[in-house]
1. Let me spell it out: the conditions are (1) outside any loop (DSSP other than H, G, I, E, B); (2) touching a Phe, Trp or Tyr at 6+ places or on another chain (Cβ under 7 Å); (3) open to solvent by 10 Å² or more (accessible area, probe 1.4 Å), and R349 meets all of them except one. Which number is the exception?
2. Those residues that are part of a helix (DSSP H, G or I), among the hydroxyl-bearing types (S, T, Y) and surrounded by 18 or more Cβ atoms within 10 Å (Cβ to Cβ), I need them from the stretch 298-346; list them, please.
3. For the stretch 348-358, give me each residue that is at pLDDT 95 or above and in contact with a strand residue (DSSP E or B) (Cβ under 7 Å, 6 or more places away or on another chain).
4. So V361 ticks every box in (1) part of a loop (DSSP other than H, G, I, E, B); (2) buried (at least 20 other Cβ atoms within 10 Å of the Cβ) but one. Which box is left unticked?
5. Taking V224 as meeting all but one of (1) buried (at least 20 other Cβ atoms within 10 Å of the Cβ); (2) closer than 24 Å to A303 by Cα, write down the number of the exception.
6. Where the second residue is open to solvent by less than 20 Å² (accessible area, probe 1.4 Å) and not in a helix (DSSP H, G or I) and the first is at positive phi and of a type outside the set (S, T, N, Q) and lies in the stretch 389-414, which pairs have Cβ atoms under 7 Å and are six or more apart or on separate chains?
7. Determine the pairs where a residue that is part of a loop (DSSP other than H, G, I, E, B), located within the stretch 209-222, has a partner that is modelled with pLDDT of 95 or more and basic (K, R) with Cβ atoms under 9 Å apart, the partner being 6 or more residues away or on another chain.
8. Residue check: is G422 open to solvent by less than 50 Å² (accessible area, probe 1.4 Å), within 17 Å of V332 (Cα to Cα) and over 23 Å from the mean Cα position of the chain (by Cα)?
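The values are calculated or read from the model by the stated rules, or taken from the named source; none is laboratory data. Given the structure is predicted, the values throughout are model-derived calculations rather than measurements. A quick note on method: Cβ atoms are made from the backbone with ideal geometry, for glycine too, and the neighbour counts reach across all protein chains shown. Quick note on the areas: whole protein, heavy atoms, side chains included, nothing else; ligands and nucleic acids left out. Shrake-Rupley method; radii C 1.70, N 1.55, O 1.52, S 1.80 Å.
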Amino acid sequence: MGFFKKLFGFGKKVEDTQAAVDPREYLLRETESVLNADPAVSQVTRLPGEYGLSFLYHGKEMRTYLENLFAETREVSPEERTHIIERFISAISSPSGSSLTWEEARERLLPVPRAASFGGQMPTGAHASSFMVERRTIPFLRELLVVDLPETSMYVQPDLLAQWGVSVDEAFQAAYAHLDTLRDVGVELQEERPSPLWSVDSNDTYEASRLLLPGFLASFAGKVKGRPVAAIPTRSMMLITGDQDPVMLERLCDVAEREHEASSRGISFALYTVDDAGRVVPYRRPGDDALAQRIRGNHVRFAMVEYGEQKALLEAQHQSSELDVFVPSFSVIVRERDSRPISWCSWAREVDSMLPETDVVIVEAAQEGSDELCMVPFAEVLRLAGHCLTPVPGAWPPRHRTLSWPDDAVLEKLRAAKVDPGSIVDP
């Protein structure tokens, strides 16, 4: 019997297709090539200990850090990447965003949603000072700041805030205020039947940013059938319908999946709604019907992609620093009887690990003489054995590093808290 049949008694594994490919060196070389081809540029060298380059432009020494460029070009075609690099170099030689005063910049700041893996870097180590300013308000998404310039958007880094003399909160407040002036631009009723479907068609590439604007999605209550539900598959697309119309929700899933797959700048193929306080949260449809499982499955697949990207990054960092820490996968099986996805990771005895947050944790908590594995809800692991774990600093999506193995008393409590996957009903 296969491992998953033996472990769970049913189900099929959802494959983790994360490819451990790091394009950072390729981008560095291509940027060097573009600089060397410019007759005004000389003495191109790499910055020691940093992801960036130093060069002379008309005899003037300049430096550029490539984290933002990497984030911007990671999923575009080679031709578009070359164009973006050339535009990036042109902006450096004639800097506009970084030369703005705070009074000028605050009128150009905007918040943008991006997938958690956007930028491909953990804010630790030598690059911490150049990491992008962010907030983490929605699971598996990051809320970043950009300066909206005539030809491009510049991601804001902490050193730029220091230059302006403003805090992160002040910068985000200014960005929200700017976005609020665009609140109704391009908001259109696309369809009225079988129930309302709204879209944001502002043609400013900040359509998806409306999801971050406090109260924006909640304002569609009464304009749609039921609680508002939104999709932001790409930067320039936002669609909104209500959760009481299964037909429209199916269409929203179709569009979100298709557009995200087709886009080189996708954000998320999952759906979002608001809680009773009006805050944006992942939308999960109650029940075990096909639509509920599809919506639930998209959130789980999105989590798998983001945790997979993070796992590859952490393993590369650990290899570079010779740190012996196991990074478990965010694994998923699908329950045969109703196609419910169940995420899991494993916690092994005497293995230093960084556990992802999953539905359940497979804990080696069997009693002596038994090879039984205990499947314990992650929330119960934190409640009962939280003193054995600690959050991994800077990790998004979150991980928890194991500090010690639970003692016998705690293991007994974990055994008592184990669940049968056939009985899992939430979330």
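1. Status for R349: all satisfied but (1).
2. Just the residues of the stretch 298-346 that are part of a helix (DSSP H, G or I), to begin with: 298-321.
From what is left, the residues that are among the hydroxyl-bearing types (S, T, Y) are 307, 320-321.
Across the stretch 298-346, the qualifying residue is only Y307.
3. Within the stretch 348-358, D352, S353, M354, L355, P356, T358 qualify.
4. (1)
5. Of everything listed in (1) buried (at least 20 other Cβ atoms within 10 Å of the Cβ); (2) closer than 24 Å to A303 by Cα, V224 misses just condition (2).
6. G394/M122
7. From the stretch 209-222, the pairs are P214/R279; F216/R210.
8. On the way: open to solvent by less than 50 Å² (accessible area, probe 1.4 Å): yes; within 17 Å of V332 (Cα to Cα): yes; over 23 Å from the mean Cα position of the chain (by Cα): yes.
So G422 passes the test.
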